[in-house]
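Presented below is the structure to which this report refers.
The values are calculated or read from the model by the stated rules, or taken from the named source; none is laboratory data. Just so it is clear, the structure is predicted and the values come from calculations on it, not from any experiment. Here Cβ is always computed from backbone atoms with ideal geometry, including for glycine, and neighbour counts include all displayed protein chains. When the accessible area is computed, the model is the full protein with side chains, heavy atoms only, and any ligands, DNA or RNA have been set aside. Shrake-Rupley method; radii C 1.70, N 1.55, O 1.52, S 1.80 Å.
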Amino acid sequence: MKRNILITGGAGFIGSHVVRLFVNKYPDYHIVNLDKLTYAGNLANLKDIEDCPNYTFVRADIAELDEMRRIIKEYEISGIIHLAAESHVDRSIKDPFTFARTNVMGTLALLQAAKEYWESLPEKYEGKLFYHISTDEVYGALELTHPEGVPAPFTTKASSDNDMAYGTEFFLETTKYNPHSPYSASKASSDHFVRAYHDTYGMPTLVTNCSNNYGPYQFPEKLIPLFINNIRQGKPLPVYGKGENVRDWLFVEDHARAIDLIFHKGKVAETYNIGGFNEWKNIDLIKVIISTVDRLLGNPEGQSEKLITFVTDRLGHDMRYAIDSRKLQSELGWEPSLQFEEGIEKTVRWYLDHQEWMDNITSGDYERYYDDMYKNR
Ligand code: NAD
Ligand code: TYD
């Protein structure tokens, strides 16, 4: 079936994987990638598909309501997968207003523009979907009741050799929202607006909340790419606090596959948690990254452990995130495809093999890609 799908934030980390998957898998769909190209947006992430006939890039700001109205109408959009956001907790601590503007007002503008366009059509909301991508961070922080780890009560076929849980509780779709950082507060607010547009106006919406993603094309301010790059350059590895915080890691392509499945098969108005039961204490994860990078670079084992530098903790640092994704697994049959050890190996290799991509970011050159590629077309 021919469809025009708007993917927002497609020049970012997860968005670029979703755009690539949809462009390649659905030649009948026209994929419109809408992105403001903030510091986190990089069109070089999509070099391999930028000339595909079913792909269009549009530079725009989701918080500009009139622009959203114009674009949704011009491209006759019937489905929206909304990933555009400010996404880094540390930046949200320094500048919460930008997060409120993009994540809250931007999501609201997109919802309103879609509502007006879809309600103007004879078939109204039939065959339409507004799919909002959110995070597990909206649920708040879980306690570290088992700091040494216990065997995880739930596992998936592909989680990890290290099947550990660091507490007894997990985030469920029914867990009460309790965000702590300006980032998670802004995402929680946007989730509420999305559900309000369903409950009030009958707009077909869906929300998914995913755990921490890792993999190629992640901006090197986030833990994994930052540390891989610092190890390569022999720079310090700033571990916040004692490195005891726990995150639940999912390979980004598994998230993109889940988004594809849920976009096509998910039930309107539902929420699905996405995660692979793969908890890691930061310090243990950092040691895995160090040993993988050192091995692949041919360094003596553990050489880069001396780069570990414990620094002042992040303000309000959430202790533990752990997703219970059994609803998605049992209702829609999704499961992660990669063991964590495989995923980390693949990721480290990717960053080491794409040093030019990384160097373009650290030098700021990537910000000129749009001017070179698109401005004069
Ligand atoms: P990212 O920061 O890598 O990319 C965000 C993209 O949004 C960038 O391309 C940026 O240019 C664009 N953008 C920012 N403000 C915009 C605006 N006002 N208008 C249009 N475009 C704008 O983020 P990511 O890690 O790929 O995350 C994507 C989405 O997934 C976010 O909504 C995030 O909350 C959610 N999420 C991320 C993770 C994770 O681990 N990274 C986990 C769960 C959920
Ligand atoms: P991050 O990648 O920023 O993701 P999030 O805060 O959304 O979970 O951080 C992952 C974990 O790593 C988090 O507990 C904070 C910690 N961290 C460090 O210890 N040092 C760093 O330099 C960064 C960026 C993160």
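Observations
- Cross-chain or 6+ apart pairs with Cβ under 6 Å, segment 1-15 first and at pLDDT below 95, then charged (D, E, K, R): K2/D28
- Test: residue in segment 161-175 that is under 21 Å from I81 (Cα atoms), charged (D, E, K, R) and either in contact with a Ser or Thr (Cβ under 6 Å, 6 or more places away or on another chain) or assigned to a loop (DSSP other than H, G, I, E, B) (or both): yes
- Residue in segment 283-296 that is of a type in the set (D, E, K, R) and within 23 Å of D324 (Cα to Cα) present: yes
- Number of residues in segment 190-212 that are part of a helix (DSSP H, G or I) and more than 12 Å from ligand 1 (Cβ to nearest atom): the value is 9.
- Matching residues in segment 16-38 - criterion: being assigned to a helix (DSSP H, G or I) and either within 16 Å of ligand 2 (Cβ to nearest atom) or not small (G, A, S) (or both): H17, V18, V19, R20, L21, F22, V23, N24, K25
- With respect to (1) over 20 Å from I259 (Cβ atoms); (2) under 23 Å from the mean Cα position of the chain (by Cα); (3) crowded, with 18+ Cβ neighbours inside 10 Å, the lone exception for V293 is condition (2).
- When segment 316-367 is filtered for residues that are part of a helix (DSSP H, G or I) and of a type in the set (K, R), the ones remaining, listed by number, are R326, K327, K346, R349.
- Any hit, segment 208-224, residues being modelled with pLDDT of 95 or more, basic (K, R) and under 29 Å from S78 (Cα atoms): no
- Residues of segment 167-203 that are out of contact with any Phe, Trp or Tyr (no Cβ under 7 Å at 6 or more places or on another chain), open to solvent by 30 Å² or more (accessible area, probe 1.4 Å) and closer than 17 Å to I93 by Cα: P179, H180, A185, S189.
- The helices (runs of 4 or more DSSP H) found wholly in segment 39-157 and carrying at least 3 residues that are over 29 Å from R3 (Cβ atoms) and open to solvent by 20 Å² or more (accessible area, probe 1.4 Å) occupy 89-94, 96-99.
- Here the condition is being modelled with pLDDT under 95 and either under 17 Å from L237 (Cβ atoms) or aromatic (F, W, Y) (or both); of Y321, Y369, it holds for Y369 alone.
- Matching residues in segment 86-96 - criterion: being out of contact with any Ser or Thr (no Cβ under 6 Å at 6 or more places or on another chain) and either within 11 Å of ligand 1 (Cβ to nearest atom) or closer than 21 Å to Q112 by Cα (or both): S87, H88, R91
- In this structure, T156 does not qualify as more than 21 Å from N245 (Cβ to Cβ), touching a Leu at 6+ places or on another chain (Cβ under 9 Å) and not small (G, A, S).
- Enumeration of residues in segment 98-147 that are of a type in the set (K, R) and more than 16 Å from ligand 1 (Cβ to nearest atom): K115, K124, K128
- Test: residue in segment 115-133 that is under 25 Å from L338 (Cβ atoms) and either β-branched (V, I, T) or in contact with a helix residue (DSSP H, G or I) (Cβ under 8 Å, 6 or more places away or on another chain) (or both): yes
- Hits in segment 254-289 (condition: in a strand (DSSP E or B) and not aliphatic (A, V, I, L, M)): T271, Y272, N273, E279, W280, K281
- Near pairs, Cβ below 7 angstrom, 6+ apart or cross-chain, from segment 213-225 (assigned to a loop (DSSP other than H, G, I, E, B)) to any residue that is acidic (D, E) and more than 10 Å from ligand 1 (Cβ to nearest atom): G215/E253
- Matching residues in segment 52-74 - criterion: being in contact (Cβ under 8 Å) with a residue 60 or more places away in the chain and more than 17 Å from G41 (Cα to Cα): I71, I72
- Tabulated pairs, segment 147-160, first farther than 13 Å from S325 by Cα, second exposed (fewer than 14 other Cβ atoms within 10 Å of the Cβ), C-beta under 7 angstrom, 6+ apart or interchain: S160/E341
- Qualifying positions in segment 235-266 - open to solvent by 40 Å² or more (accessible area, probe 1.4 Å) and either within 16 Å of ligand 2 (Cβ to nearest atom) or touching a residue at least 40 places away in the same chain (Cβ under 8 Å) (or both): K235, P236, P238, Y240, K242, E244, E253, R257, L261, K265
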